[in-house]
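The next block holds one structure in the form of structure tokens; read it before the comments.
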Amino acid sequence: MATFLATNNSLASITVRQSFQRLGLVEAIAGIQVNNPSFLDLSLIQAFQVVVSNLGDNNVMVILDNHISKPGWCCSRNDDNGFFGDRYFDPELWIKGLIQMATLFSGTSTVVGMSLRNELRGAKQTVSAWYRYMQRGAEAVHSANPNVLVILSGLNFDKDFTFLLSQPISLTFTGKLVFEAHWYAFSDGQSWATGNPNQVCGTVAGNLMRSAGFLLDKGYPLFLSEWGVDQRGANVNDNRFLNCMIGVAAEFDLDWALWTLTGNYYLREGVIGMDETYGILNWDWCDTRNSSFLQKISILQSPLQGPGISDSRPFKIIFHPATGLCVLRKSLFGPLQLGSCAESDRWSYTPQENLVIKGTYLCLQADDVGEPARLGVICTSSNSKWVETSDSKMHLSTSLENGKTVCLDVDDSTKTIVTNPCACLKHDNQCDPGSQWFKIVNVTRTPCTIKLPAQTTGLLPEGYLCQSGEQSSIQNM
């Protein structure tokens, strides 16, 4: 949402038809006439309200995001839209816009939060101005609409909150403040493609935790409000980032919003119908762009820990980010395989570094290079102790009886869990460690049964976890 749309009546009162005509979007007008004819003669602000209302009618909660002041594509360091005092970023007008939007949607229960500003950036950034204006903006939103969460972004394209370590924010209200961070592969240039993925993952994830993740330790909600990847699947930088990001998000049970659903744009940077390669939907909005991506993120689509759902004894799952699946046993004596995280055994990770199925004497063991990992009951031997080996903390290694070190791995053809020499630990930037990356994730919820109509078979991601307190399988009616 642009500030000028909320504060400039002459802009807000333009109809959708007039706006599209001024931009030369004749074909788009024809499409709206066919699919949503009632939209064309609504003002821009009315159309925005109708969209928010329709989302609510379909049980979709909304966070209003002040993305920019002057409408346009966002963002660059020198766009004069980035920080308080920039040419297009008048702090007083910004606060007026926040109040206007908070008031406009104060009676809309499905508007659950307001993000004060997207990606603060540019040469004028100062910590003192951040406190001065973000605290004023937060209080203004709270006064106009005490029912919404107030979401604050950091400095440097929403990557830096380190200043809060020395000076906490001071507000008159409590219990509804959220901090948001953004994380993309390109935030670190081409590091993922040119560096060793294990080392880059360890470094970048560590930087994220030092610059923003520390807020979790201080008891604040942290919202990963933007992240995403090229959905076409050929971007090495993004692909390597994705496996690391999913592992970190699962480990810390992060709430998140993905960039983006959009298949294309009416107009972006002067190009009509520009394709959005980060979009979940393809160019014509008729299908998903990359179904394997949806499988990978399925475990992140419901809370694993989170407040208010800790109604079962904590346990762990062994999660494989590259597939979005978990390690499980299909039978008592058969090989371990990847499968739905909803069907995962409840594991514990003991002080002796054993991975044990809770309530049993069965622990994870390695036999030999290239052989399936198995469950055994003699858990004192070296091949039953598993440690996080690499910088990414996602290689799980053990020592065989002959002294060789092996890591958990996956047989691509069968999804069987095997052990192989640990790959891509350091320096090599040509290999991909994805098949050997596993994350031991804390869980405090009970996976459940979802009864689905027969025609929906296959639409629910394999790794989906649903509300706690129910049975642990997925069924079709």
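The values are calculated or read from the model by the stated rules, or taken from the named source; none is laboratory data. Predicted model, so just to flag it, every value in this text is computed and none were measured. Cβ atoms come from the backbone with ideal geometry, glycine included; neighbour counts cover every protein chain shown.
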Inset, instruction - Specify the residue that is farthest from the chain's Cα centre (by Cα); the eligible residues are those in the range 51-60 that are touching a residue at least 12 places away in the same chain (Cβ under 8 Å) and in a helix (DSSP H, G or I). - result: Ser53
Legend entry - Top-ranked residue of the range 368-400 - restricted to ones that are part of a strand (DSSP E or B), crowded, with 20+ Cβ neighbours inside 10 Å and among the aliphatic types (A, V, I, L, M), ranked as farthest from the chain's Cα centre (by Cα): Leu375
Inset, instruction - Name the single residue, out of those in the range 313-339 being within 18 Å of His395 (Cα to Cα) and small (Gly, Ala, Ser), that is surrounded by the fewest Cβ atoms within 10 Å (Cβ to Cβ). - result: Ala322
Inset, instruction - Looking only at the range 91-111, decide whether some residue is on the phi > 0 side of the Ramachandran plot and either touching a residue at least 40 places away in the same chain (Cβ under 8 Å) or not assigned by TED's automatic domain parsing to the domain that holds Trp259 (or both). - result: no
Inset, instruction - Can you tell me which residue within the range 353-367, out of those that are part of a strand (DSSP E or B) and touching a Ser or Thr at 6+ places or on another chain (Cβ under 6 Å), is nearest to Asn196 (Cα to Cα)? - result: Gln365
Inset, instruction - Any chance you could count how many residues in the range 41-97 are closer than 24 Å to Leu149 by Cα and of a type in the set (Lys, Arg)? - result: 1
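Going by what's in this entry, would Ala342 be described as among the hydrophobic types (A, V, I, L, M, F, W, C), in contact (Cβ under 8 Å) with a residue 24 or more places away in the chain, crowded, with 18+ Cβ neighbours inside 10 Å and out of contact with any Lys or Arg (no Cβ under 8 Å at 6 or more places or on another chain)? Don't jump to the end; show me each part of the working.
Numbers: among the hydrophobic types (A, V, I, L, M, F, W, C): yes; in contact (Cβ under 8 Å) with a residue 24 or more places away in the chain: yes; crowded, with 18+ Cβ neighbours inside 10 Å: yes; out of contact with any Lys or Arg (no Cβ under 8 Å at 6 or more places or on another chain): yes.
Considered against the rule, which asks whether it is among the hydrophobic types (A, V, I, L, M, F, W, C), in contact (Cβ under 8 Å) with a residue 24 or more places away in the chain, crowded, with 18+ Cβ neighbours inside 10 Å and out of contact with any Lys or Arg (no Cβ under 8 Å at 6 or more places or on another chain), Ala342 comes out as yes.
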Inset, instruction - Test Thr194 against the stated conditions and say whether it is under 30 Å from His427 (Cβ atoms), within 23 Å of the chain's Cα centre (by Cα), in contact (Cβ under 8 Å) with a residue 12 or more places away in the chain and surrounded by fewer than 17 Cβ atoms within 10 Å (Cβ to Cβ). - result: no
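So which residues in the range 401-418 are among the β-branched types (Val, Ile, Thr) and surrounded by fewer than 22 Cβ atoms within 10 Å (Cβ to Cβ), if there are any at all?
Hits for the range 401-418 are Thr405, Thr414, Thr416.
Based on what the data block shows, is Asn81 out of contact with any His (no Cβ under 6 Å at 6 or more places or on another chain), part of a loop (DSSP other than H, G, I, E, B) and surrounded by 15 or more Cβ atoms within 10 Å (Cβ to Cβ)? First the steps, then the outcome.
Values: out of contact with any His (no Cβ under 6 Å at 6 or more places or on another chain): yes; part of a loop (DSSP other than H, G, I, E, B): yes; surrounded by 15 or more Cβ atoms within 10 Å (Cβ to Cβ): yes.
Considered against the rule, which asks whether it is out of contact with any His (no Cβ under 6 Å at 6 or more places or on another chain), part of a loop (DSSP other than H, G, I, E, B) and surrounded by 15 or more Cβ atoms within 10 Å (Cβ to Cβ), Asn81 comes out as yes.
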Legend entry - helices (runs of 4 or more DSSP H) contained entirely in the range 172-241, each with at least 3 residues that are closer than 18 Å to Asp253 by Cβ: 214-217
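Need at least 1 residues that are under 27 Å from Ser115 (Cα atoms) and either modelled with pLDDT of 95 or more or of a type outside the set (D, E, K, R) (or both) per element, so show me which helices (runs of 4 or more DSSP H) inside the range 1-45 make the cut, counting only ones lying wholly within it.
Values: elements: 3-7, 9-12, 16-22, 26-35.
So the answer is 3-7, 9-12, 16-22.
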Inset, instruction - Working only within the range 131-163, note down all residues that are assigned to a strand (DSSP E or B) and in contact with a strand residue (DSSP E or B) (Cβ under 7 Å, 6 or more places away or on another chain). - result: Leu149, Val150, Ile151, Leu152, Ser153
